[in-house]
Amino acid sequence: MIRTPFVLNGVLVLSLTAFPAGTTGELLAQAPATTGHEHLPEVACVDVPQGEKRPEFGCFNVGTVKGLQFPQAAVYWHLRAFGSRQAAEAARSATGLVVEEDGRVWLSEFGARDAAPRGGDAVAVIGPLELAPAKSYSAVLSYAVMRPGDSSRVHTHPGPEGWYVLAGEQCLETPAGASKAGAGHTMAVPPNVPMELNVTGTTIRRAFALVIHDSTQQRGVASDWKPAGKCGR
């Protein structure tokens, strides 16, 4: 069930309810976070080399598709869950992404709002994601596990960014203000917006993030914009 989207402080926020499917690893993250940990400041999403063990906490790039072309100025991110990787791969288009996280198999597809892929369980439709002009695009999907008090580096992306929060709560501060989203909710911001993401609340935050950017540019860069601390971490 998808509720009516609304804009809060310049950030598009949608409230969506995930459909039950398969195992629910995200529910495990609702346990209280460990107290007394050292906060992770200036977290950036990174690639993890194949065969290398991923740290317990941080933000990790888990899938990339290149050479995307869109006829429209804005696209939507369709996120669906499947019971097996085989089923997700069978439903995937040539430009889709299949990843396994949180004990489930996820398919991401990008396009018009009504261009939902078939099969699996519909989890969320994130967007609209306003595209910057480019000849071709890359879509980078990231998965983050962060604790209350952790925060991202201050940064910008040359393309839009969207989030789907699996568990916990996040607060995004931009020059327009601060906006929060909890489990089952989404956010989206347009290109080139300086931002800092903070983990608020009392539980571990798990989330997917997607950036669609000009293939000739980096996914994101540090920004010298100074947040005002409106997320109150």
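Coordinate-derived values only; no laboratory data. Everything quoted here is computed from the prediction, not taken from an experiment. Ideal geometry is used to build each Cβ from the backbone, glycine not excepted, and the neighbour counts take in all protein chains shown.
Some observations on this one:
- Here's the list of lysines a cross-link from Lys230 could span, going by alpha-carbon distance under 30 Å and ignoring same-chain residues fewer than 8 apart: Lys180.
- Counting beta carbons within 10 Å around each of Arg54, Arg153, Arg118, Arg219 and listing the fewest first gives the order Arg118, Arg54, Arg153, Arg219.
- In loop segments of region 125-173 as defined by DSSP, there are no chymotrypsin sites (Phe, Trp or Tyr not before Pro) with at most 14 further C-beta atoms inside 10 Å of their C-beta.
- Residue-count net charge about Glu169 - beta-carbon cut-off 9 Å; Lys, Arg +1, Asp, Glu -1: +2
- The order of Lys53, Lys135, Lys230, going from fewest to most other C-beta atoms within 10 Å of their C-beta, is Lys53, Lys135, Lys230.
- Residue order, fewest to most surrounding Cβ atoms within 10 angstrom, among Thr186, Thr203: Thr203, Thr186
- Spread of Cα-to-Cα distances over 10 Å intervals beginning at zero, given as percent, for region 185-233: 17, 47, 32, 4
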